[in-house]
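The values are calculated or read from the model by the stated rules, or taken from the named source; none is laboratory data. What you see is a predicted model; the values in this text were computed from it and never measured. Every residue, glycine as well, gets a Cβ built from its backbone with ideal geometry; the counts of neighbours run over all protein chains shown.
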Amino acid sequence: MKKILLATTALAFSAGFAAAEVSFSGQAKMGLKYDGGNEKETTVHSEAVLYVAMSGETDTGLAFGATIDMIVEDNGDLANDDTTVFVSGAFGKLSMGAVPEADENGGLSSIGWDDFGGDLATDDVAENISGDELGEYLDFGDYIEDSDVSFSLSHNVNYTYAADAFSVSVSARIGDENVDSAAIGGRYNFGDAYVGLGYARHSVNINDALPGDIDFDVDAKVVTAVAGGTFGAFGIAAMYSDGKVEADGVAGEANIDAYGVRASYNMDALTLTAAYSESDVSEIGFGIGDQKSYGLGAAYDLGGGALLAGGIGRAEEGDDKETVADFGITMSF
């Protein structure tokens with residue numbers, strides 16, 4: 001740590017970087033997770049994340065910077081969790097790298113200690129088709145697992161312009177010959193409340209790269225609306241997405257609805273949360289089904305950046321149902 005601080009100090013005071021700043025922060029967590037599925041097992045989980053923020057300003061007032069998130073889970077290897085580079089000014093903010101999709105201008109935060117439920121967590125189910133989550137939800141990988149082709153719906157460029165309480169964003173995935181994906185979204189904040197609306201369109205075509213006679217041509221359109229706010233001790237967040245998928249040569253057509261709500265109540269150091277989410281899909285050949293998730297959570301602020309938290313919930317997919325729970329401590333530095 002001393003070496004890091006010394007290096008940072010040297011950078012900040014060097015003549016070439018007089019206006020530059022590099023800051024470090026972090027988060028760690030440890031606890032227990034219970035999965036009440038077929039295995040009915042309890043596991044230990046730990047992770048630590050180092051956040052690096054770099055910023056500077058040109059002589060003409062143009063701001064620039066980058067953020068890097070490095071993570072280690074369960075004493076594994078150090079991995080890059082997210083890296084973003086940006087420039088900003090009166091024209092707005094242009095970001096590249098791990099950027100948010102423009103239609104994701106609000107969502108649901110997880111309940112419990114570590115987003116229990118995995119892919120069926122309350123926030124994940126509500127966000128099944130917004131942003132870049134659609135590809136994972138439809139399990140595209142089953143159709144291209146025998147090829148050397150990989151693809152993602154994650155965007156790598158985002159432009160955002162904010163004026164007072166209103167902001168608008170556009171984002172896209174650029175440079176991917178197999179994927180054409182773009183989104184636009186707007187958000188309005190009034191007091192401690194907000195509303196937002198977003199639209200995304202995705203097109204995946206990798207027919208020529210697949211073995212045999214497999215065709216993979218998928219087009220999707222998704223509209224997402226969000227709203228929420230804090231009203232005294234109460235907090236509320238809600239979202240609804242409506243999507244249409246056309247999978248020529250693969251499955252057919254599907255209409256998908258995903259929605260959820262999260263409510264919280266704060267009593268001094270104690271915060272109680274409840275959440276419900278669901279996604280409904282018409283019949284399609286991707287092998288997916290309706291999903292539902294709901295649960296209760298509690299968190300107690302120990303002070304100094306430490307938080308004791310846990311939750312219990314129910315996750316359902318088709319006829320499969322399981323109880324999930326977690327309990328642990330998070331630490332912010």
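Worth a mention:
Here is a yes/no grid of residues against (1) modelled with pLDDT under 85; (2) of a type in the set (G, A, S); (3) not in a loop (DSSP other than H, G, I, E, B):
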residue	(1), (2), (3)
D81	no, no, yes
V87	no, no, yes
M96	no, no, yes
N105	no, no, no
D115	yes, no, no
S130	no, yes, no
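- Filtered residues of the range 55-78 (kept if under 19 Å from S332 (Cα atoms), in a strand (DSSP E or B) and not hydroxyl-bearing (S, T, Y)): I68, D69, M70, I71, V72, E73
- Within the range 145-161, restricting attention to residues that are touching a helix residue (DSSP H, G or I) at 6+ places or on another chain (Cβ under 8 Å) and either of a type in the set (A, V, I, L, M) or in a helix (DSSP H, G or I) (or both), the residue that is modelled with the lowest pLDDT is V149.
- With respect to the conditions (1) crowded, with 24+ Cβ neighbours inside 10 Å; (2) on the phi > 0 side of the Ramachandran plot, G92 falls short on a single one, namely (1).
- Counting only residues that are surrounded by 13 or more Cβ atoms within 10 Å (Cβ to Cβ) and at pLDDT 85 or above, the range 256-288 holds 21 of them.
- Residues being surrounded by fewer than 24 Cβ atoms within 10 Å (Cβ to Cβ), acidic (D, E), under 30 Å from E322 (Cα atoms) and not assigned by TED's automatic domain parsing to the domain that holds K321 are entirely absent from the range 106-126.
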